[in-house]
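> Have a look at this one.
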Amino acid sequence: MITGQRLRRHDHPAGPPSISHFLGISIWMYHTDHAPPHFHARYSGQEAVIAIDSLQVLNGELPPRVMASVLEWASRRRDELRLNWDLARRGLPLNQVPPLE
């Protein structure tokens, strides 16, 4: 998808909006998710839930090399992740977040 493109909840009837994809990793947020602010990362059938502010793994696991890539990406994109969390809380469309470069 194009950077900056906004996703609508109804565009994804089979699941939550994906906000980024890189190296085979899918990143998404739910519109009705619980605090603390976090995002979900999935790779090859494994999933982790990661807090935006602390980058602490709240639940799940990913292979170490994949987790390192996700955490590097999230540390660079924390502001965009926080903005998407705020949009999701208000039920608004989410923005695409650029992938890890």
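The values are calculated or read from the model by the stated rules, or taken from the named source; none is laboratory data. Owing to the predicted nature of the structure, the values given are computational and were not obtained by experimental measurement. As a convention, Cβ positions derive from the backbone with ideal geometry for all residues, glycine included, and neighbour counts pool all protein chains shown.
> Condition check: surrounded by 12 or more Cβ atoms within 10 Å (Cβ to Cβ), among the β-branched types (Val, Ile, Thr) and outside any helix (DSSP H, G or I). Does Val97 satisfy that?
Yes: the conditions hold for Val97.
> Follow-up. If you scan region 1-32, which residues turn out to be at pLDDT 50 or above, farther than 25 Å from Ser69 by Cβ and not β-branched (Val, Ile, Thr)?
Within region 1-32, just His31 meets the criteria.
> Looking at region 82-101, which of the residues that are of a type in the set (A, V, I, L, M, F, W, C) and without any contact (Cβ under 8 Å) to a residue 60 or more places away in the chain is nearest to His31 (Cα to Cα)?
Ala88
> Identify, by number, the condition in (1) in a helix (DSSP H, G or I); (2) crowded, with 16+ Cβ neighbours inside 10 Å that Ser75 doesn't meet.
Going through (1) in a helix (DSSP H, G or I); (2) crowded, with 16+ Cβ neighbours inside 10 Å one by one, Ser75 breaks only (2).
> Could you give me the residue pairs with C-beta distances under 9 Å whose first residue belongs to region 44-71 and is modelled with pLDDT of 95 or more and among the acidic types (Asp, Glu), whose second residue is surrounded by 14 or more Cβ atoms within 10 Å (Cβ to Cβ) and part of a loop (DSSP other than H, G, I, E, B) wherever it lies, and which are 6+ apart or on separate chains?
Listed by first residue and then by second, the contacts come to Glu47/Leu62; Asp53/Pro37.
> Sort through Leu87, Leu58, Leu62 and tell me the only one that's part of a strand (DSSP E or B) and either surrounded by 19 or more Cβ atoms within 10 Å (Cβ to Cβ) or not small (Gly, Ala, Ser) (or both).
Just a single option satisfies the conditions, and that option is Leu58.
> Related question: Anything in region 16-38 that is within 15 Å of Gln96 (Cβ to Cβ), in a strand (DSSP E or B) and touching a strand residue (DSSP E or B) at 6+ places or on another chain (Cβ under 6 Å)? List them, or say none.
Ser18, Ile19, Ser20, Ile25, Ser26, Ile27, Trp28
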